[in-house]
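Take a look at the structure below.
The values are calculated or read from the model by the stated rules, or taken from the named source; none is laboratory data. Bear in mind that the values here come from a model prediction, so they are computed numbers and not experimental data. Glycine also receives a Cβ, built like all others from the backbone with ideal geometry; neighbour counts cover every protein chain displayed.
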Amino acid sequence: MLGWSINLFRIFGIQLAVHASFVLLLVYWGYEGWQEGGLPGMVWSVGLIALFFVCVILHELGHSLTARRFGVTVPRILLLPIGGMAEFDRIPRKPAHELLITIAGPAVNFLLVLLLLPLAWRGLKGGEETSYHSIAGLLDQLWYANLVMGVFNLVPVFPMDGGRIFRALLATRLPYLRATWWAVMVGRVLAVGLAGWALYRGNYMLAVLFTFIFYAGNAEYQAALRKEREEAYWREMARQAVPVTPERPDEPPLILHGRN
Ligand SMILES: [Zn+2]
């Protein structure tokens, strides 16, 4: 399903792509804007969504550029209607590296919150009524969107950023796979609770999001489990491999390869 994407342009050498379903999001917001204020309303609405996603891209670049410092290759950043996803060729197993890469995303949002504060201040102070369709209103919404993005991503539901931070912290004490299992389990309990709360509040989009996260966490645990088993297999093979010694010159040398 994630294959249906459209490549946009490269940024810092990373391909930026949008999922096909993203078009539906623009159509939906465009229609909402149209209903509210005709053509100007539509342009405003779509423009606002585009700006929100610029913040999402900056968040993903925070993760990606930090990951690159630790030797991770980042081929693509994919934008989905529910947010962004930076694709890494591997996830560093060093807890300190995963921690820094993960924190870098929400840190960008909090930095934007600080930078936008002087500009958004007038509207936020609430003294005078700020119209939705004004530059002041726009800045308020961008400020608020970044605050929500930063805080929401820190909720410890694996594989959201908060869940990854939790896993990295656990991994300083536990084996990596065990730490992942605990992060996924705690995340699943929270995801069920939060999905229920979202349903109760009538926020169906959020309920769908937490349902998606519930399954995504397990998929990543299964991937970690497969990798662990693969590595255990190669360790075992290496243990069983008889070194080529001068006494056995007729044996072909055993070359082990195949890790990834
Ligand atoms: Zn993130």
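From the list 175, 159, which residue is within 22 Å of residue 106 (Cα to Cα) and of a type outside the set (A, V, I, L, M, F, W, C)? Give the derivation first.
Values: 175 fails: within 22 Å of residue 106 (Cα to Cα).
Of the residues listed, the single one that is within 22 Å of residue 106 (Cα to Cα) and of a type outside the set (A, V, I, L, M, F, W, C) is 159.
Pairs under 9 Å by beta carbon, first residue in contact (Cβ under 8 Å) with a residue 12 or more places away in the chain and at positive phi in segment 78-107, partner in a helix (DSSP H, G or I) and among the acidic types (Asp, Glu), six or more apart or different chains?
Between residues of segment 78-107 that are in contact (Cβ under 8 Å) with a residue 12 or more places away in the chain and at positive phi and residues that are in a helix (DSSP H, G or I) and among the acidic types (Asp, Glu), the close pairs are 83/60.
Out of curiosity, is residue 72 over 23 Å from residue 149 (Cα atoms), surrounded by 13 or more Cβ atoms within 10 Å (Cβ to Cβ) and either at pLDDT 90 or above or within 16 Å of the ligand (Cβ to nearest atom) (or both)?
Answer is yes for this residue.
Across segment 150-168, which residue is surrounded by the most Cβ atoms within 10 Å (Cβ to Cβ) among those that are among the aliphatic types (A, V, I, L, M) and at pLDDT 90 or above?
Restricting to residues being among the aliphatic types (A, V, I, L, M) and at pLDDT 90 or above, the top hit is 168.
For the structure I just gave you, tell me whether residue 87 is over 26 Å from residue 7 (Cα atoms) and out of contact with any Gly (no Cβ under 9 Å at 6 or more places or on another chain).
Answer is no for this residue.
Conditions: (1) without any contact (Cβ under 8 Å) to a residue 12 or more places away in the chain; (2) outside any loop (DSSP other than H, G, I, E, B); (3) in the same structural domain as residue 216 (by TED's automatic domain parsing); (4) hydrophobic (A, V, I, L, M, F, W, C). Residue 165 meets all but one. Number of the miss?
Exception for residue 165: condition (1).
Looking at (1) without any contact (Cβ under 8 Å) to a residue 12 or more places away in the chain; (2) surrounded by fewer than 13 Cβ atoms within 10 Å (Cβ to Cβ); (3) assigned to a helix (DSSP H, G or I), which is the only condition residue 24 fails?
Going through (1) without any contact (Cβ under 8 Å) to a residue 12 or more places away in the chain; (2) surrounded by fewer than 13 Cβ atoms within 10 Å (Cβ to Cβ); (3) assigned to a helix (DSSP H, G or I) one by one, residue 24 breaks only (1).
Restrict the check to segment 212-224 and report whether at least one residue is closer than 25 Å to residue 184 by Cβ, at pLDDT 80 or above and acidic (Asp, Glu).
Within segment 212-224 (the criterion being closer than 25 Å to residue 184 by Cβ, at pLDDT 80 or above and acidic (Asp, Glu)), the answer is no, since none of the residues qualifies.
With 228, 236, 220 as the choices, which residue is under 17 Å from residue 83 (Cβ atoms) and of a type in the set (Asp, Glu)? Please lay out each step first, then the result.
Numbers: 228 fails: under 17 Å from residue 83 (Cβ atoms); 236 fails: under 17 Å from residue 83 (Cβ atoms).
Residue meeting the stated conditions: 220.
Please go through segment 85-99 and give me each residue that is within 16 Å of the ligand (Cβ to nearest atom) and either touching a Lys or Arg at 6+ places or on another chain (Cβ under 7 Å) or assigned to a helix (DSSP H, G or I) (or both), ordered by number.
If the condition is that a residue be within 16 Å of the ligand (Cβ to nearest atom) and either touching a Lys or Arg at 6+ places or on another chain (Cβ under 7 Å) or assigned to a helix (DSSP H, G or I) (or both), then 87, 97, 98, 99 are the ones that fit.
Is one or more of the residues making up segment 76-84 assigned by TED's automatic domain parsing to the domain that holds residue 12 and part of a helix (DSSP H, G or I)?
no
In the set 171, 219, 232, 224, which member is of a type in the set (A, V, I, L, M, F, W, C), surrounded by 12 or more Cβ atoms within 10 Å (Cβ to Cβ) and free of Cβ contacts under 8 Å to residues at least 60 places away in the same chain?
Values: 171 fails: free of Cβ contacts under 8 Å to residues at least 60 places away in the same chain; 219 fails: surrounded by 12 or more Cβ atoms within 10 Å (Cβ to Cβ); 232 fails: surrounded by 12 or more Cβ atoms within 10 Å (Cβ to Cβ).
From the options 171, 219, 232, 224, the qualifying one is 224.
What single numbered condition from (1) at pLDDT 90 or above; (2) closer than 23 Å to residue 143 by Cβ; (3) surrounded by fewer than 19 Cβ atoms within 10 Å (Cβ to Cβ) fails to hold for residue 63?
Result: residue 63 fails condition (3) only.
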